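Peer 1: Could you have a look at this structure, given as structure tokens, before my questions?
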Amino acid sequence: MTQHVSIETHGACVDFPIFDAKSRSLKKAFLGKAGGSIGRNDSDVVVVEALKDITLSLKEGDRVGLVGHNGAGKSTLLRLLSGIYEPTRGSARIRGRVAPVFDLGVGMDPEISGYENIIIRGLFLGQTRKQMLAKMDEIAEFTELGEYLSMPLRTYSTGMRVRVAMGVVTSIDPEILLLDEGIGAVDAEFMKKARIRLQKLVERSGILVFASHSNEFLAQLCDSAMWIDHGQVRMHGEIEDVVRAYEGPEAASHVARTIAEIAAEKAGVARGEGA
């Protein structure tokens, strides 16, 4: 892992222009309902202010969880940090190799086999063909799909596709891991196995920024949290404190219990290793 891995943003904003919002009534409707998230740029074009004044400083070892309601700006922030979006105003400087994991289906072709999709998905995440071929057996074993991997992806159920995508994602060694919890449609036993691999993936990564709806998952993978609301950072700090502010004391208590359980489990493992 290189030592220069970092994320620095200063007053970063991301605006999306709405070019068809020219009529006065449409502007009025947008501006009236938006609560400050709709404005106009210098050319008097109506814009959606997706992110506003985002200032971040993350270094190697940081594990940040993003919380907030759907549409709050979590996914937009991940796309800004990945370089998919450029800041409209302000700056964003990312140092390190980024592995963006937003949509598990991106980079997969329904007409080719599972094996071929493993390679293509790996290339999409910055791996070489040689690296993916070396990992093929281990990924295939993780998916538990057997001979299905020789068949076209279009013959797979959603859950089977998720297995392939998860197998690839959790095999890489990213410097900066940008993870959106678009995980579902798999059985509980497989999800447990996938979470263990995700934890190991996080341990191998330099920086993690993780958008999640699961406080338990957040507590397992992150050491701080950031509350995004209407495209702005409302709060950044300890996971328990941020969850309390966002969801209330009951959710915060659950997070505290989860963190305590993880700490106790790690302490038990350490004692076992030392015995």
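The values are calculated or read from the model by the stated rules, or taken from the named source; none is laboratory data. From a predicted model like this one, the values you see are computed outputs, not experimental measurements. For neighbour counting, all protein chains shown are included, and Cβ atoms are generated from backbone atoms with ideal geometry for every residue, glycine included.
Peer 1: Please list, ordered by first then second residue, the pairs with beta carbon atoms under 7 Å, 6 or more apart or interchain, first in segment 48-59 and among the β-branched types (Val, Ile, Thr), second surrounded by fewer than 17 Cβ atoms within 10 Å (Cβ to Cβ).
Peer 2: As it stands, the answer is Val48/Phe16; Val48/Ile18; Thr55/His10; Thr55/Gly11, since those pairs meet every condition given.
Peer 1: So, one more: Just give me the residues in segment 204-220 being within 18 Å of Pro174 (Cβ to Cβ) and at pLDDT 90 or above, in sequence order.
Peer 2: Of everything in segment 204-220, those that are within 18 Å of Pro174 (Cβ to Cβ) and at pLDDT 90 or above turn out to be Arg204, Ser205, Gly206, Ile207, Leu208, Val209, Phe210, Ala211.
Peer 1: Hey, another quick one. Output the residue which, of all residues in segment 95-124 that are among the β-branched types (Val, Ile, Thr) and part of a strand (DSSP E or B), is surrounded by the most Cβ atoms within 10 Å (Cβ to Cβ).
Peer 2: Val101
Condition check ((1) without any contact (Cβ under 8 Å) to a residue 12 or more places away in the chain; (2) under 30 Å from Asp109 (Cα atoms); (3) small (Gly, Ala, Ser); (4) buried (at least 16 other Cβ atoms within 10 Å of the Cβ)) across all residues:
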{"position": "Gly159", "(1), (2), (3), (4)": "no, yes, yes, no"}
{"position": "Leu177", "(1), (2), (3), (4)": "no, yes, no, yes"}
{"position": "Ala194", "(1), (2), (3), (4)": "no, yes, yes, yes"}
{"position": "Phe210", "(1), (2), (3), (4)": "no, yes, no, yes"}
{"position": "Asn215", "(1), (2), (3), (4)": "no, no, no, yes"}
{"position": "Leu218", "(1), (2), (3), (4)": "no, no, no, yes"}
{"position": "Gly231", "(1), (2), (3), (4)": "no, no, yes, yes"}
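Peer 1: Oh, and also: From the list Ser224, Ser253, Ser212, pick out the single residue that is of a type in the set (S, T, N, Q) and closer than 23 Å to Phe124 by Cβ.
Peer 2: Ser212
Peer 1: Looking at segment 104-123, can you tell me whether even one residue there is touching a residue at least 40 places away in the same chain (Cβ under 8 Å), within 23 Å of Ile7 (Cα to Cα) and hydrophobic (A, V, I, L, M, F, W, C)?
Peer 2: Checking segment 104-123: not a single residue is touching a residue at least 40 places away in the same chain (Cβ under 8 Å), within 23 Å of Ile7 (Cα to Cα) and hydrophobic (A, V, I, L, M, F, W, C).
Peer 1: Let me ask something else. Quick check: anything in segment 258-271 surrounded by 21 or more Cβ atoms within 10 Å (Cβ to Cβ) and either among the acidic types (Asp, Glu) or within 25 Å of His69 (Cα to Cα) (or both)?
Peer 2: Checked against the condition, which is being surrounded by 21 or more Cβ atoms within 10 Å (Cβ to Cβ) and either among the acidic types (Asp, Glu) or within 25 Å of His69 (Cα to Cα) (or both), segment 258-271 yields no hits at all.
Peer 1: What do you reckon, is Val162 closer than 16 Å to Asp103 by Cβ and at pLDDT below 90?
Peer 2: Yes: the conditions hold for Val162.
For (1) modelled with pLDDT of 95 or more; (2) under 19 Å from Asp229 (Cα atoms); (3) in a helix (DSSP H, G or I); (4) over 14 Å from the mean Cα position of the chain (by Cα), each residue gets a yes or a no:
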| position | (1), (2), (3), (4) |
| --- | --- |
| Leu58 | yes, no, no, yes |
| Val64 | yes, yes, no, no |
| His69 | no, yes, no, yes |
| Ser75 | no, yes, yes, no |
| Arg79 | no, yes, yes, no |
| Ile84 | no, no, no, no |
| Ala92 | yes, no, no, yes |
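Peer 1: Ok, one more. Do we have Met226 as out of contact with any Asp or Glu (no Cβ under 9 Å at 6 or more places or on another chain), more than 20 Å from His69 (Cβ to Cβ) and either at pLDDT 95 or above or of a type outside the set (D, E, K, R) (or both) here?
Peer 2: Here the answer is no, as Met226 does not meet what is asked.
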